[in-house]
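*Asks:* Here it is, the structure in full.
The values are calculated or read from the model by the stated rules, or taken from the named source; none is laboratory data. Everything quoted here is computed from the prediction, not taken from an experiment. Only protein heavy atoms, including side chains, enter the accessible area calculation; ligands, DNA and RNA are left aside. Shrake-Rupley method; radii C 1.70, N 1.55, O 1.52, S 1.80 Å.
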Amino acid sequence: QVQLVESGGGLVQAGGSLRLSCTASGRTFSDYAMGWFRQAPGAEREFVAGVSSRGGVTLYADSVKGRFTISRDNAKSTVYLQMNTLEPEDTAVYYCAQRNAFAPTRSTDYAYWGQGTQVTVSS
């Protein structure tokens, strides 16, 4: 059974930084692409970033490009989201997800999801 556990969320002032982590278990982590999504109150879940199974390919939403960095450590079965220059508009619950594929996608076509971690950016 695949489990994804996020951590690292919290309250930060605008312009600050946070690093989210997501540790996976249940199958061979390095075989699958990973993604980060977020959902603000009253909004649909949206793609933030994705990384291929071996880390060679990354995708970003236009709204976070240049500010956020996705990375993974396959030895630790963990994917990270480094978030810099945070804005109040980044406030949301952040979810990590795992695909049944090597490559990431901007769609919600991910097989497994974590429970989410709250990120709140104050102005």
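*Asks:* Run the numbers for THR58 and ARG19: contour at 0.36 nm per residue of separation, minus the present Cα-Cα distance, in nm. Let's see the in-between values first.
*Replies:* On the way: separation 39, 0.36 × 39 = 14.04 nm, distance 1.69 nm.
The THR58-ARG19 span can extend by a further 12.3 nm.
*Asks:* Give me the extension gain from GLU89 to THR105: residue separation times 0.36 nm, minus the current Cα-Cα distance, reported in nm with one decimal.
*Replies:* On the way: separation 16, 0.36 × 16 = 5.76 nm, distance 2.26 nm.
Additional length available on full extension: 3.5 nm.
*Asks:* Then there's this: So, for segment 47-123, what is the accessible surface per residue at a probe of 1.4 Å, expressed in square angstrom? Walk me through the intermediate numbers first.
*Replies:* Working: 3660 Å² over 77 residues.
On a per-residue basis, segment 47-123 sits at 48 Å².
*Asks:* Hey, another quick one. With the full set of protein chains in place, find how many percent of the accessible area of the chain is carbon and sulfur; take the probe as 1.4 Å. Write out the running numbers ahead of the final one.
*Replies:* Numbers: 2760 of 6080 Å².
That share works out to 45 percent.
*Asks:* What is the chain's relative contact order, in percent, from Cα pairs under 8 angstrom and six or more apart in sequence?
*Replies:* The value is 36 percent.
*Asks:* A further question follows. Roughly speaking, what % of Cα-Cα pairs in the chain are separated by over 18 Å, rounded to a whole number?
*Replies:* When every Cα pair of the chain is considered, 45 percent fall beyond 18 Å.
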